[in-house]
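The values are calculated or read from the model by the stated rules, or taken from the named source; none is laboratory data. Since the structure is predicted, the reported quantities are computational estimates derived from the model, not experimental observations. We place every Cβ from the backbone using ideal geometry, glycine too, and count neighbours over all the protein chains shown. Please note that ligands, DNA and RNA were not included when accessible areas were found on the heavy atoms of the full protein model with its side chains. Shrake-Rupley method; radii C 1.70, N 1.55, O 1.52, S 1.80 Å.
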Amino acid sequence: MVPSISAPVTKFGRAALDLLLPPYCPLCDNPVSAPELLCASCFAGTSFISDPKCDRCGVAFESGDTRLCESCIASPPNYRQARGALSYDAGGRHLVLPLKHGDRTELAKVLAPMVARAGSALLARADVMVPVPLHRRRLFRRRYNQAVLLAAEVSRLTEVPVMRDALIRTKPTAPMGDKPAEERKQAVQDVFAMRVGRSVAGKQVLLIDDVMTSGATVEACTEVLTAAGAAAVDELVAARVALD
């Protein structure tokens, strides 16, 4: 068998490109050692979610005295587990908001390794990833769904397949901003549905989204996926909003 030369050629081509166009930090344009990496300063300003955190919804704790947050104890969510890579603080917003609203689609590649690490246990048992959909009007204006881009990049790293159009958003919802949890829950009631011809029956589904706040969206999606026969539903997001 003739040895493949594609890998050395690819490495050489990448090295040559880096000499001509050195990689820069996607946030501040400082030089970095490889594409899609943050510089030391931007990395230090990014808060990764680590233990202790709620075993169910993945929100960060200040202490490790309990395995579940007060919200999950009082009202257990209908999904199995949720995990987020970053806290949705100034550093997290600096990565997520330009992807969501600023046409910075390349940031999906920056976030994907962080998301894959945070959700490694969830990805290991997932049969398929399903991005949270946008309504067609918002998709038309934005031209892309950031959850689909993120799922595609995580799939490239993990080989977990993506069913990018399994869910549809049947009616538009207003931006939820700082709305309280109950208003968020009401806003997404009866908003999601399965696309005709798509099936998740018997599958372990991993929902993918950019930000998780109260969990209303993932619970609404989980209700639809479970009714369609999904064996279980987990949630994986780029950033998780801290509880008050």
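Looking at Thr105, Thr66, Thr46, which one is over 25 Å from Lys185 (Cα atoms), of a type outside the set (A, V, I, L, M) and in contact with a Phe, Trp or Tyr (Cβ under 7 Å, 6 or more places away or on another chain)?
Working: Thr66 fails: in contact with a Phe, Trp or Tyr (Cβ under 7 Å, 6 or more places away or on another chain); Thr46 fails: in contact with a Phe, Trp or Tyr (Cβ under 7 Å, 6 or more places away or on another chain).
Testing whether each residue is over 25 Å from Lys185 (Cα atoms), of a type outside the set (A, V, I, L, M) and in contact with a Phe, Trp or Tyr (Cβ under 7 Å, 6 or more places away or on another chain) leaves just Thr105.
Would you check which residues across the range 56-91 are closer than 28 Å to Leu225 by Cβ and exposed (fewer than 13 other Cβ atoms within 10 Å of the Cβ) and list them?
Correct list: Glu70, Ile73, Ala74, Ser75, Pro76.
Consider the range 114-135. How many of its residues are out of contact with any strand residue (DSSP E or B) (no Cβ under 6 Å at 6 or more places or on another chain), in contact (Cβ under 8 Å) with a residue 60 or more places away in the chain and closer than 12 Å to Leu150 by Cβ?
So the count comes out to 0.
Condition first: over 19 Å from Ala118 (Cβ atoms) and either polar (S, T, N, Q) or surrounded by 15 or more Cβ atoms within 10 Å (Cβ to Cβ) (or both). Now tell me which residues in the range 28-48 satisfy that.
Quick first cut of the range 28-48, residues over 19 Å from Ala118 (Cβ atoms) only: 28-35, 39-41.
Matches in the range 28-48: Asn30, Val32, Ser33, Pro35, Cys39, Ser41.
Note down all Cβ pairs under 9 Å where the first residue falls in the range 62-81 and is more than 14 Å from Glu219 (Cβ to Cβ), the second is hydroxyl-bearing (Ser, Thr, Tyr) and open to solvent by less than 80 Å² (accessible area, probe 1.4 Å), and they're at least six residues apart or on different chains.
From residues that are more than 14 Å from Glu219 (Cβ to Cβ), the pairs are Ile73/Thr66.
Listed residues Asp190, Asp178; which is open to solvent by 60 Å² or more (accessible area, probe 1.4 Å) and either closer than 25 Å to Asp89 by Cβ or touching a Gly at 6+ places or on another chain (Cβ under 8 Å) (or both)?
Working: Asp190 fails: either closer than 25 Å to Asp89 by Cβ or touching a Gly at 6+ places or on another chain (Cβ under 8 Å) (or both).
Checking each option against the conditions leaves just Asp178.
For the range 198-244, give me the residue count where each residue is buried (at least 17 other Cβ atoms within 10 Å of the Cβ), of a type in the set (Ser, Thr, Tyr) and outside any loop (DSSP other than H, G, I, E, B).
So the answer is 2.
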